[in-house]
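**Student:** Take a look at the following structure, please.
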Amino acid sequence: MNVPSSDVAFTPAVKTVQTRRGSRGAYAAMEAKGGFRTAIDARLREALAMANSAYLVTASADGQPYAQHRGGPRGFMRVVDDHTIGFADYSGNRQYISTGNLSENPQAFLFLMDYAHRRRVKIWGRARVIEGDAALNATLMPAGSKAAAEAAILFEIVAWDLNCPQHIPQKFDAEDVAAALGERDARIAALEAKVERLRGNPT
């Protein structure tokens, strides 16, 4: 019996709630087609290339969850192959909660939120920390980054899903707003100079 990939999220308890609240039929139809996506396609590649912020969720052996923010320049999360995402593990506050959790429980989850385009990506999988591999660290470090990589994290995808934009507020990164305002100001300056030239008062 083929198990749909969405079963990583839709456990029997979840399906019971879906049945009670009336959404089971729609998700059963999705499951009949195989469930969530399992390989990295063009849409996920685009989302990863645009991401400058993500949350890595792990859990201890006894199930205590922990979510840690991961950030960097756009594209800091790299596609290693069709089923694997890699990113550098930067030096931080040295609590090593995610690292400790993954040493005893490889089950992990990545959550990417793109506020500007109002989309979210949920990725289930298994992650492992690779220490002492300078070559791997170098391939995962963003160009020009001044951060220090203590290790690398490889995330093997089990399933992923791209959610609808419902209830996501639209927000923009400060650097994107600054760039847009800079373009506007340059356009205004060019138009003002043109007006002055037409008036016979070149600046």
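The values are calculated or read from the model by the stated rules, or taken from the named source; none is laboratory data. Computed from a predicted model, the values in this text were never measured in an experiment. Please note: Cβ atoms are built from the backbone with ideal geometry, for glycine as well, and neighbour counts cover all protein chains shown. The protein model used for the area step is the full one, side chains on, heavy atoms only, and it has no ligands, DNA or RNA in it. Shrake-Rupley method; radii C 1.70, N 1.55, O 1.52, S 1.80 Å.
**Student:** Condition first: in contact (Cβ under 8 Å) with a residue 40 or more places away in the chain, open to solvent by 50 Å² or more (accessible area, probe 1.4 Å) and either part of a helix (DSSP H, G or I) or of a type in the set (Phe, Trp, Tyr) (or both). Now tell me which residues in the stretch 151-203 satisfy that.
**Tutor:** Phe172, Asp176 - these are the residues of the stretch 151-203 that are in contact (Cβ under 8 Å) with a residue 40 or more places away in the chain, open to solvent by 50 Å² or more (accessible area, probe 1.4 Å) and either part of a helix (DSSP H, G or I) or of a type in the set (Phe, Trp, Tyr) (or both).
**Student:** May I ask you to list the residues in the stretch 104-150 that are open to solvent by 60 Å² or more (accessible area, probe 1.4 Å) and of a type in the set (S, T, N, Q)?
**Tutor:** Those that are open to solvent by 60 Å² or more (accessible area, probe 1.4 Å) and of a type in the set (S, T, N, Q): Gln107, Thr139.
**Student:** Looking at the stretch 85-99, is at least one residue of a type in the set (Ser, Thr, Tyr), in contact with a Lys or Arg (Cβ under 7 Å, 6 or more places away or on another chain), surrounded by 14 or more Cβ atoms within 10 Å (Cβ to Cβ) and under 15 Å from Tyr55 (Cβ atoms)?
**Tutor:** no
**Student:** Please identify the pairs in which a residue from the stretch 36-59 that is more than 20 Å from Ser6 (Cα to Cα) has its Cβ atom under 7 Å from the Cβ atom of a residue that is charged (D, E, K, R) and in a loop (DSSP other than H, G, I, E, B), counting only partners at least 6 apart or on another chain.
**Tutor:** Within 7 Å, the pairs are Ala49/Arg74; Met50/Arg74; Ala51/Arg74; Asn52/Arg74.
**Student:** Scan (1) surrounded by 14 or more Cβ atoms within 10 Å (Cβ to Cβ); (2) under 21 Å from Val8 (Cα atoms) for the single condition Asp82 breaks and write down its number.
**Tutor:** (1)
**Student:** Anything in the stretch 93-133 that is in a strand (DSSP E or B) and free of Cβ contacts under 8 Å to residues at least 24 places away in the same chain? List them, or say none.
**Tutor:** Glu131
**Student:** Filter the stretch 47-62 for residues that are out of contact with any Asp or Glu (no Cβ under 8 Å at 6 or more places or on another chain), at pLDDT below 95 and either closer than 12 Å to Asn101 by Cα or not hydrophobic (A, V, I, L, M, F, W, C) (or both) and give the result.
**Tutor:** Ser53 - this is the single residue of the stretch 47-62 that is out of contact with any Asp or Glu (no Cβ under 8 Å at 6 or more places or on another chain), at pLDDT below 95 and either closer than 12 Å to Asn101 by Cα or not hydrophobic (A, V, I, L, M, F, W, C) (or both).
**Student:** So, one more: List every residue pair whose Cβ atoms sit under 9 Å apart, with the two residues 6 or more apart in sequence or on different chains, where the first one lies in the stretch 1-29 and is surrounded by 16 or more Cβ atoms within 10 Å (Cβ to Cβ) and the second, anywhere, is among the polar types (S, T, N, Q).
**Tutor:** As it stands, the answer is Ser5/Thr38; Phe10/Gln18; Arg24/Thr16; Arg24/Gln18; Tyr27/Ser6; Tyr27/Gln18, since those pairs meet every condition given.
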